[in-house]
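Shown next, in structure tokens, is the structure this report addresses.
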Amino acid sequence: MTYDAGRYDVIVIGAGHAGCEAALASAKRGAKTLMLTLNLDLVAFMPCNPSIGGPAKGVVVREIDALGGIMGKIIDKTHIQMRMLNTGKGPAVRALRAQADKPLYIQEMKDTLENQENLTLRQGMVERLIVEDGEVKGVETETKAAYYAKSVIVTTGTFMRGKVIIGDLEYESGPNNQRPTISLSEHLEELGVEMVRFKTGTPMRVNSHTVDYSKTEIQPGDDVPRAFSYETTEFIMDQIPCWLTYTNEYTHKIIDENLGLSPMYSGMIKGTGPRYCPSIEDKVVRFHDKPRHQIFLEPEGRNTEEVYVQGLSTSLPEFIQKKMLETVPGLEKAEIMRAGYAIEYDSVVPTQLWPTLELKNIKGLFTAGQINGTSGYEEAAAQGIMSGINAAALATDVDPLILDRSQAYIGVLIDDLVTKGTNEPYRLLTSRAEFRLMLRHDNADLRLTEIGYRIGMISDERYEKFQEKKRLIDEEKKRLEGIILKPDEQVQKIVEQAGGTPLKEAVRASDLLKRPEMTYEMIETLTPADKELPEDVKEQVEIQTKYSGYIAKALQQIERMKKMEDKKIPENIDYDAIHGIATEARDKLKEVRPLSVGQASRISGVNPSDVSILLVYIEQGKIAKVSNE
Amino acid sequence: MDTDTITAISTPLGEGAIAIVRLSGPDAISIADHLFEGKKLEKQTSHTMHYGKIIDPETEEAAEEVMVSLMRGPKTFTREDIVEINCHGGLVSVNRVLEIVLSQGARLAEPGEFTKRAFLNGRIDLSQAEAVMDLIRAKTDRAMNVALKQMDGRLSKLIQSLRQQLLETLAHVEVNIDYPEYDDVEEMSHQMMEEKTKEVLQEVQKLLQTSQQGKILREGLATAIIGRPNVGKSSLMNALVHENKAIVTEVPGTTRDVIEEYVNVRGVPLRLVDTAGIRETEDIVERIGVEKSRQVLTEADLILLVLNYGDELTAEDEKLFEAVEDLDVVVIVNKTDLPEKLDMERVRELARDHSLITTSLIKEEGIDELEQAIADVFFEGELDAGDMTYVSNVRHIQLLKQAKRSLEEALNGMEMGMPIDVVQIDVTRTWEILGEIVGDTVHESLIDQLFSQFCLGK
Ligand SMILES: Cc1cc2nc3c(=O)[nH]c(=O)nc-3n(C[C@H](O)[C@H](O)[C@H](O)COP(=O)(O)OP(=O)(O)OC[C@H]3O[C@@H](n4cnc5c(N)ncnc54)[C@H](O)[C@@H]3O)c2cc1C
Ligand SMILES: Nc1nc2c(ncn2[C@@H]2O[C@H](COP(=O)(O)OP(=O)(O)OP(=O)(O)O)[C@@H](O)[C@H]2O)c(=O)[nH]1
């Protein structure tokens, strides 16, 4: 027996990184939104490393921000250090990474959620969904409350039938000893949702007072103001360093000798773990020749002594964890505050989703975050915001939003998930994007602000600023194209100082900027703009000019890809009726139900000849229609 | 609908049969006009045939004599403009024509694409839909099979190994990008990247060369024997023919109607071209003039220049040297059984890098050395016929050319000082193109490589 606890447009289950973005996006779009979560003290909790960003992931945070999301703003307020990575490489792969103050991050997020219009927060464990005729109607909690809504987003992360494993100890649990979610997972299975078992792990945390930092190398943050969000105006300059140390042959010997005690190797763990986050025992076994592995010591916040031992993720028994630490310089006397552990959990096979993150078989039901087979806070947040945008769209009857692979890493992530699926926890890597020169850290706003504004998640004020920035970039680029620099003394001097060969004849300022050794600053001294331009405008002018050849080439490729994306596949297509498609391809097409021929061509098992036939079939349908009319 | 112009060989390939290169699309006629020496097709009425030559616009050389049929849409198979080039030179000439057409902006048609266009343009009845699908399927599968069969195991292995080398390089770059904090992975430098790129480029170029040599193998190396009267040209010819059992083939139907003699010298097929003509010429330099003789000579792949040991070097001899300056030449000093009158020092000077062989044909001396010298010219001393990987499939050649271009762009980028992750765009592209040759373009393998090559993680 349940009681009627209220009606909403959108219900979000879970307040992890996916849930928070989802709820905020939905509420911002004007949908009446309810967020239900197990523990209101732990919203946007980071169960693993205290850091946000990095290659690809950092760009995602910028993209979320350009769409009007929250992650960037919160980390800008709560980090203990921030660094720009890959500064020695090209602009396409530059990325920010921040070390987070975990408790502060939670606080800041909670404050934001509590003050969001249209959003209701409630603690509770959801046990079932209310589904009628293949359509979701609401949710039921263990306290017998029934909430009704037009769309429901499940973002329950690693909680689904979670099982924690340390050595030979195992028990049902969510991350960090929170309660696991059992019935909801079983219920989803009853509803016909296919699930797989994945696994991940986390290292031990040690007490900072017991670490001898003198035996480690310091890793400071950048001492220039940096921020993820385009709206951040206050910068944290008082930063806290991380520390670097290494494992050695003694550490590896202990691991080798005790492999039998590892649940990974004893067969106790059955879930598939991610290759990119192997445990230390994995690393030692697979790369036996490596004499040492890096370990980063990362403070978990300003007001806590807990230190995260990055590099020692393990599910070996606690006493072995202790022995391992004893061999590592600086950690010989380190006291473990929490032991490392592995966690196994259920996740949804993501090819069951539309690119909107709605389940194909249950109308109105969305899933986002780690539950979709990904791993990582940023990946979760990215799906969170998209699911929130689309759940609200469904509830309020407006068009859904799907980003494509050339628009954003978010588009790459979701397209990969729903088109190819994944057989291990999925992490974004820059190499997953075919157009990464277009998907840069610096141009996330240029790519997505327009969209954020259109869907009502960007304020007028911010939008106007953005328009102004765009205008300045275009004007300055045009100006440089119009200016001819003669090879006079001043010009030659600057070119030579930069290490270039002297000019032989007059050049356009824009062409001079294309030379590898030239920067905008140098061009500026030769031909200053009418009034001083903002740094981010200068940066854009420089990047867009310098890489214009490559950018033009990428745009051509994108054009070609878009042609295939534009060939839509009718939703009611009957793949069994198409003569000549290979059986494997037919099965895959029926499973994935791609929205476009482009998407179809990315499904593994669908060959060029199948795509060709599909194209002909669709075109023929159009012809048939025309000739019937 | 599709707006590009497609082309393919549209007749079954068989020895001696007339083969047709078909173009279909909006630019079919203008492309054909570009390479057709004959009537301006643009100005001709539809459904007519015209005689002329195909000229390679890049070298301005005449490639083939052909008949071209012109059909304007919509009364054609595809309802688009169609040009069909009828070649009668068999496989070699039809491939050559196809390559020229491709170089002028037509795209190689997908298997069954003409039929597909016919269908989509409403030329084929809807009730025939199933048959069309079957056809496309069958053609695609067959084309795949043929392409795979045409690719001998060595080629496939070679391409795979090039891909693997690129993949390891790419994974290395990726690891630097995605895991910048890992100090134990060496930073991929421009120099390392450049070395790898150059290595692969070299291999690709070699393969492309073999596509040229593959052509020669089927067609024979056009060989001209030249020299003043009486130096021993006929004797040389006879010696080669005698030693190597000449196959005399008539090539009917061509306007030339010449008799060409094929001899196989150490695995190198020689086609002794127009030797009759040249032999009968009293003084080729004087008769047709230096300019003209040069033209005759450029059509040959190999020149055998014969001198007389027992005679003084004349101005004519010197002119001959001049005429063959940039060609592949073997210089033969014949009649060494006679007392030396020839200024050998001067001859050596004139011969420069060309190989210089001395023979006495009458005593059957020096013929072995001569044959070796001929083989060396062809294999550039490096390769052995049995060991060679040939690329002969037009699709493969096209893809290799693309691969070459993108490798060159990568090198160009490095020269311009582009960052490694930008240069890498072209390297990745190369890897994908090579994958198309062996039928493997799965992107995941880069990520697999990444995690198997490097130790990463928290
Ligand atoms: C041990 C461990 C190690 C990890 N290691 C890494 C790593 O190395 N690298 C990496 O990138 N990522 C790692 N992660 C993953 C990362 O923490 C997650 O990807 C990310 O937090 C997922 O966010 P989410 O929003 O999808 O889910 P979560 O953050 O897990 O949030 C789930 C939310 O759902 C709520 N909830 C669950 N069930 C119910 C229910 N029935 N009713 C109501 N609310 C419910 C919970 O209270 C919680 O708020 C690790 C996670 C764990 C647990
Ligand atoms: N002594 C000597 N005589 C040779 C040798 N090779 C060819 N001859 C003779 O030279 C004469 C001319 O030989 P050909 O082979 O007819 O010379 P060619 O260059 O073809 O002459 P044309 O057809 O007149 O241009 C013949 O009498 C040959 O027997 C040689 O090695 N030594």
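The values are calculated or read from the model by the stated rules, or taken from the named source; none is laboratory data. Small disclaimer: the values here were computed from a predicted structure and weren't measured. No Cβ is skipped: glycine too gets one built from the backbone with ideal geometry, and neighbour counts run over all protein chains shown.
At a glance:
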item	result
Of residues in the range A:545-569 being under 25 Å from the mean Cα position of the chain (by Cα) and not small (Gly, Ala, Ser), the one farthest from A:Asp511 (Cα to Cα)	A:Glu565
Failed item, numbered, when A:Leu413 is tested on (1) assigned to a helix (DSSP H, G or I); (2) away from ligand 1 (no atom under 16 Å from the Cβ)	(2)
Elements of type strands (runs of 3 or more DSSP E) in the range A:326-409, at least 1 residues being basic (Lys, Arg) and over 27 Å from A:Lys567 (Cβ atoms)	A:336-338
Residue, nearest to A:Pro180 (Cα to Cα), within the range A:105-115, restricted to residues that are in contact (Cβ under 8 Å) with a residue 60 or more places away in the chain and surrounded by fewer than 19 Cβ atoms within 10 Å (Cβ to Cβ)	A:Lys110
Residue in the range A:43-51 that is more than 16 Å from ligand 2 (Cβ to nearest atom), aromatic (Phe, Trp, Tyr) and touching a Lys or Arg at 6+ places or on another chain (Cβ under 6 Å) present	no
Residue tally, condition of a type in the set (D, E, K, R), within 9 Å of chain B (Cβ to nearest Cβ) and closer than 19 Å to A:Ile218 by Cβ, over the range A:282-326	1
Selection within the range A:423-448 - surrounded by fewer than 24 Cβ atoms within 10 Å (Cβ to Cβ), hydrophobic (A, V, I, L, M, F, W, C) and closer than 13 Å to A:Gly58 by Cα	A:Leu429
Cβ-Cβ under 7 Å pairs, at least 6 apart or on other chains, the range B:161-178 side away from chain A (no Cβ under 14 Å), far side outside any helix (DSSP H, G or I) and at pLDDT 90 or above	none
Failed condition for A:Gln557, given (1) within 11 Å of chain B (Cβ to nearest Cβ); (2) touching a residue at least 60 places away in the same chain (Cβ under 8 Å); (3) over 23 Å from A:Leu446 (Cβ atoms); (4) not aliphatic (A, V, I, L, M)	(3)
A:Thr216, sole failed condition from (1) closer than 25 Å to A:Ala380 by Cβ; (2) more than 14 Å from ligand 1 (Cβ to nearest atom)	(1)
Hits in the range B:311-343 (condition: exposed (fewer than 15 other Cβ atoms within 10 Å of the Cβ), more than 13 Å from B:Gly227 (Cα to Cα) and within 16 Å of ligand 2 (Cβ to nearest atom))	B:Glu312, B:Asp337, B:Leu338, B:Pro339, B:Glu340, B:Lys341
Qualifying residue in the range B:341-364 (condition: touching a Ser or Thr at 6+ places or on another chain (Cβ under 6 Å) and closer than 18 Å to B:Val265 by Cα)	yes
Qualifying residue in the range A:118-132 (condition: modelled with pLDDT of 95 or more, touching a Ser or Thr at 6+ places or on another chain (Cβ under 7 Å) and within 14 Å of chain B (Cβ to nearest Cβ))	no
First in the range A:505-526 and within 14 Å of another protein chain (Cβ to nearest Cβ), second anywhere and of a type in the set (Asp, Glu), Cβ under 7 Å, 6 or more apart	A:Leu513/A:Glu542; A:Thr519/A:Glu542
From A:Ala27, A:Ala23, residue being under 30 Å from A:Ala393 (Cβ atoms), away from ligand 1 (no atom under 13 Å from the Cβ) and of a type in the set (A, V, I, L, M)	A:Ala27
Tally, over the range A:209-238, of residues that are out of contact with any Pro (no Cβ under 7 Å at 6 or more places or on another chain), surrounded by fewer than 19 Cβ atoms within 10 Å (Cβ to Cβ) and under 21 Å from A:Gln294 (Cβ atoms)	6
Helices (runs of 4 or more DSSP H) wholly inside the range A:225-312 that include at least 1 residues being modelled with pLDDT under 90 and out of contact with any strand residue (DSSP E or B) (no Cβ under 7 Å at 6 or more places or on another chain)	A:263-266, A:280-286
Per-region count, the range A:432-477, residues closer than 17 Å to A:Ile70 by Cα and among the polar types (S, T, N, Q)	2
Enumeration of residues in the range A:387-410 that are closer than 22 Å to A:Gly16 by Cβ, under 15 Å from the mean Cα position of the chain (by Cα) and either more than 13 Å from ligand 1 (Cβ to nearest atom) or within 14 Å of chain B (Cβ to nearest Cβ) (or both)	A:Leu403, A:Ala408, A:Tyr409, A:Ile410
Residue among A:Glu535, A:Glu571 that is away from chain B (no Cβ under 14 Å) and either surrounded by 16 or more Cβ atoms within 10 Å (Cβ to Cβ) or touching a Leu at 6+ places or on another chain (Cβ under 9 Å) (or both)	A:Glu571
Count of residues meeting criterion [touching a Phe, Trp or Tyr at 6+ places or on another chain (Cβ under 9 Å) and within 24 Å of A:Ala444 (Cβ to Cβ)] in the range A:225-251	4
Of all residues in the range A:246-281 being within 14 Å of another protein chain (Cβ to nearest Cβ) and of a type in the set (Gly, Ala, Ser), the one that is farthest from A:Glu217 (Cα to Cα)	A:Gly273
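Quick grid of which residues meet (1) part of a helix (DSSP H, G or I); (2) surrounded by 24 or more Cβ atoms within 10 Å (Cβ to Cβ); (3) within 14 Å of chain B (Cβ to nearest Cβ):
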position: A:Val61; (1), (2), (3): yes, yes, no
position: A:Ile75; (1), (2), (3): yes, yes, no
position: A:Thr87; (1), (2), (3): no, no, yes
position: A:Ala92; (1), (2), (3): yes, yes, yes
position: A:Leu96; (1), (2), (3): no, yes, yes
position: A:Gln99; (1), (2), (3): no, yes, yes
